[in-house]
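Structure first, commentary second.
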């Protein structure tokens, strides 16, 4: 059985940080797993006509490489991956049997502060605008079984531990 945790939410909410903190905690417990951050799977310019197809193809290739190593737990992070219209291709690409969908949330002010701290180059203003759009779009078309985790009142370690507990990877 292939068990997949999908972590979604706007830029700056902590998707990658949470995924990597989960990885640290799972590694410490000796639990086999792999992390895939989909932001790195379609970072190409100029973007292809069907960028989602590129992301799916790359996610399938990376997932298969991990599966070939015997990994049966995947943590996959991406902005919109818990939307209904995304689920079919994510399931296909990861070959997942069981999915836990996580939506991370934070206020617009918190997201803006995190993006300002993280983005130090020429793309900062564009990323701030994109993050605001993603925040507004976040609740649209979510899969009904998505679990919400806010990231402002819990530490990164607590959020990751709680997701691991919810998934049953303890």
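Annotations for the structure displayed:
- Here the peptides 35-44, 71-80, 116-125 are ranked by packing, the mean other Cβ count within 10 Å, and the order with the highest first is 71-80, 35-44, 116-125.
- Near-label residues of the range 75-91 by backbone N, under 11 Å of a point 7 Å along Cα→Cβ of residue 130: 79
- Gyration tensor (alpha-carbon) shape descriptor, the range 1-88, a/c threshold 1.5: prolate
- Entry note, the chain: the mean residue ellipticity at 222 nm calculated from DSSP H runs of n ≥ 4, each adding -39500 (n - 2.57), is -15000 deg cm²/dmol after division by the residues and rounding to the nearest 500.
- Beta bridges by DSSP in the chain, antiparallel share as percent, to the nearest 5: 5
- Additional length obtainable on full extension of the chain from residue 61 to residue 43, 0.36 nm per residue less Cα span: 4.9 nm
- Cα shape, the range 1-155, gyration tensor, a/c 1.5 rule: prolate
- Over the chain, Cα pairs under 8 Å with separation of 6+ residues give a relative contact order of 37 percent.
- Relative packing of peptides 89-101, 46-58 - highest average C-beta neighbours within 10 Å first: 89-101, 46-58
Values in this text are rule-based calculations from the coordinates and carry no lab data. As the structure is a computational prediction, the values presented were derived from the model and not from experiment. So basically every Cβ, Gly included, is an ideal-geometry build from the backbone, and we count neighbours across all protein chains shown.
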